[in-house]
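For reference, the structure discussed in these notes is given below.
The values are calculated or read from the model by the stated rules, or taken from the named source; none is laboratory data. All of these numbers come straight from a predicted model, not from anything done at the bench. Glycine gets a Cβ as well: all are built from the backbone with ideal geometry, and neighbour counts include every protein chain shown.
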Amino acid sequence: MTLTYDLITDKDYDNLPDDPESQFITIEAICRRNMSSMITENTPNTFDTLVRLQYMSTVFAAAAELGFHGLPDYERLDDPTDGFDRFLMSANSLVTKLRIRNAGRSSPTSVKLTIKTKRLIEYEIEKLKDIIENSDLEESKRKSLLGKLEDLIEEIHRPRVRFSIIMASLAAIGLGLSGTASFLADAPSAIATIASLIGQDKEEEKLVKEVVAQPSPKALPPPSTNTDSEYDDEIPF
């Protein structure tokens, strides 16, 4: 009997989702499922070990390439075989975190921002950062607001931006700056611009979905191939 242990195929890679988080979740799920189906009570221990090592090497490489951390480096384990359970639990933990992070991805209260919109928002965030750093607020309050700006930056670089998170961050920043001279000058404009930019992308996304959902127009019948000679008998002169 010939034993094979390819846990993921080229076709699987070609059909991966677009965003890195979903890519890792999908790769890990495929590898785990195939690993579980390959290892049986009838397969030799050497084969089982190779399958587990391939699972760890594939999942570890995927996490590193996609920028996710937290998995133990199986190559540095004293005995990779004995460290398999630890690796498996770490992979499960990472997948759980990513699933929670992406829970609202398809929600109507989220939107995928364009690269141009992200850059424009980053420009407005820099304005807010300057306002906060040069304000007359207490140091602790400045640090708190700058932290909320960091949360805002992290959110806009998600595959889909969640409105509730954005609006909560903007409201907290606006409230924190209210009453300061800087707030009266530039902060309201920057906050309103960020909200407007996100709203524009959401509206464009909605229009695209509506166009895609429309039924395709019926194809016109093919042009007649009849020639004039076919109708000669019908002409009354």
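The figures follow:
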| item | result |
| --- | --- |
| Number of the condition not met by residue 180 [criteria: (1) under 13 Å from residue 131 (Cβ atoms); (2) modelled with pLDDT of 80 or more; (3) among the hydroxyl-bearing types (Ser, Thr, Tyr)] | (2) |
| Within the range 105-159, tally of residues that are surrounded by 13 or more Cβ atoms within 10 Å (Cβ to Cβ), in a helix (DSSP H, G or I), out of contact with any Phe, Trp or Tyr (no Cβ under 8 Å at 6 or more places or on another chain) and among the β-branched types (Val, Ile, Thr) | 6 |
| Pick from the range 19-49, criterion of a type in the set (D, E, K, R) and in contact (Cβ under 8 Å) with a residue 60 or more places away in the chain, ranking: farthest from residue 95 (Cα to Cα) | 19 |
| Test: residue in the range 46-57 that is exposed (fewer than 14 other Cβ atoms within 10 Å of the Cβ) and in a loop (DSSP other than H, G, I, E, B) | no |
| Matching residues in the range 58-97 - criterion: being of a type in the set (Asp, Glu) and modelled with pLDDT of 90 or more | 65 |
| Lone qualifier among 71, 66, 77 - being surrounded by fewer than 17 Cβ atoms within 10 Å (Cβ to Cβ) and within 24 Å of the chain's Cα centre (by Cα) | 66 |
